[in-house]
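The values are calculated or read from the model by the stated rules, or taken from the named source; none is laboratory data. Every value quoted in this text rests on a predicted model; they were computed, and no experiment measured them. Glycine also receives a Cβ, built like all others from the backbone with ideal geometry; neighbour counts cover every protein chain displayed.
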Ligand code: RFL
Ligand code: PHB
């Protein structure tokens, strides 16, 4: 076993870990980045599709946004619908901002390319990842490389960007951790299809048979989702059954859903989860490692990006001035945003998904949908949350 030294240890080459490594490298800060999956797997993992303007601005200003600017689809609004009615929420008019449709797979590919082109390594397919000595000035990141070499790297800081199932969060002593969790009684079945989108902007549809959504990846590829039972298995959903259900739930007079070959399909459970603290000694958590939102608000990846923006800023300040003020205020600044987006994601989810057959709940959902599509004040509230609220101000430095 060899003893090594690095500035920042990062666990996880998802959007959070890759973006953090990239932002730090821009400021000459070195990092060791480890990932337990293969590069091919990470680049093909189909998840998010919507980037807030702030996330786009961050990627572009850091030099990783060239392809995003060329290929990303700018959307100035979304449609909200229920049987017989489809309404547009105009983000441009209400907030002056947009969102961009650009797959998480593409963000990950761009960030991997940026890191490798800059001559920095990503250790894919590692095993036995662990962090120790968290309460000292040199926390240790240990892992076994793909070729079987056991390595331990002494760092100034270790960042757990290893998603919901990674080992970082649970290396914080149980007695210090508090978690808040809600598991929803339904899941999302998502498909990727080789067919031009049947819509210019995303459609979020309430339907008595369950929520449905029409999103996209490009002018030739559509991404669609269906609310299904938590107990449903993907085998129970043939492509024909999926298209039939999508056509029913998204259907509206004078509009048809074009169908095409399904190239990917999977079922994802819906969960809200927040864990605190996001820091223990010299270990910092970022992204899904610390919090999960249901995808209805399109917030998960954007939250991960916002966490690492704050953390990168704090680390730059630490290495430049020796000040730990930014690191000390990381959790407070991150959690404010996390809870706002946790609320928004829960709210969108609750408004659009059917659960049981309680007619009182349905009447409330209908009342809420009518309100957000008719009141400029309510529509603005949805719009400003969807496009993303500005980064929290750093109260300790003012
Ligand atoms: P990730 O992407 O889970 O990355 C964590 C990485 O850590 C690795 N890892 C380890 N590495 C080394 N050693 C270990 N022991 C490790 N254990 C784990 C993992 O392999 C992985 O590569 O977390 P990160 O970076 O925080 O990024 C979070 C986002 O991936 C997630 O929030 C979004 O995908 C959520 N999400 C959406 N977010 C949006 O902002 N907009 C959307 O439109 C949106 N749509 C979605 C979504 C998530 C979905 N699913 C499947 C959960 C739609 C769906 C269907
Ligand atoms: C997606 O395109 O995958 C997507 C879009 C909006 C969401 C969730 C997922 O709210």
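State which residue pairs qualify: first residue in contact (Cβ under 8 Å) with a residue 60 or more places away in the chain and on the phi > 0 side of the Ramachandran plot and inside segment 200-222, second residue outside any loop (DSSP other than H, G, I, E, B) and within 15 Å of ligand 1 (Cβ to nearest atom) in any location, beta carbons under 9 Å apart, and separation of 6 or more residues or different chains.
Note: pairs meeting the criteria are 210/186; 210/226; 210/227; 210/228.
Six or more apart or on different chains, Cβ atoms under 8 Å: show the pairs whose first residue is in segment 33-51 and within 21 Å of residue 214 (Cβ to Cβ) and whose second is at pLDDT 95 or above and away from ligand 2 (no atom under 16 Å from the Cβ).
51/59
Go through the residues of segment 243-255 one by one and say whether even a single one is touching a strand residue (DSSP E or B) at 6+ places or on another chain (Cβ under 6 Å), surrounded by fewer than 16 Cβ atoms within 10 Å (Cβ to Cβ), at pLDDT 95 or above and not in a strand (DSSP E or B).
no
Residues that are in a loop (DSSP other than H, G, I, E, B) and within 21 Å of residue 178 (Cβ to Cβ): does segment 306-327 have at least one? First the steps, then the outcome.
Applying the first criterion (in a loop (DSSP other than H, G, I, E, B)) to segment 306-327 yields 322-324.
With within 21 Å of residue 178 (Cβ to Cβ) added as a condition, the list becomes none.
For segment 306-327, residues in a loop (DSSP other than H, G, I, E, B) and within 21 Å of residue 178 (Cβ to Cβ): absent.
Mind counting the residues in segment 211-224 that are surrounded by fewer than 20 Cβ atoms within 10 Å (Cβ to Cβ) and either within 14 Å of ligand 2 (Cβ to nearest atom) or under 23 Å from residue 294 (Cα atoms) (or both)?
At the first step, the residues of segment 211-224 found to be surrounded by fewer than 20 Cβ atoms within 10 Å (Cβ to Cβ) are 218-221.
Retained after the next criterion (residues that are either within 14 Å of ligand 2 (Cβ to nearest atom) or under 23 Å from residue 294 (Cα atoms) (or both)): 218, 221.
Selection size over segment 211-224: 2.
Hey, does segment 273-284 have a residue that's assigned to a helix (DSSP H, G or I) and in contact (Cβ under 8 Å) with a residue 60 or more places away in the chain?
Looking only at segment 273-284, we keep the residues that are assigned to a helix (DSSP H, G or I), and these are none.
The answer is no; no qualifying residue exists.
If we scan segment 115-133, do we find a residue that is within 23 Å of residue 217 (Cβ to Cβ) and crowded, with 18+ Cβ neighbours inside 10 Å?
Taking segment 115-133 and keeping what is within 23 Å of residue 217 (Cβ to Cβ), we get none.
Scanning segment 115-133, I find no residue that is within 23 Å of residue 217 (Cβ to Cβ) and crowded, with 18+ Cβ neighbours inside 10 Å, so the answer is no.
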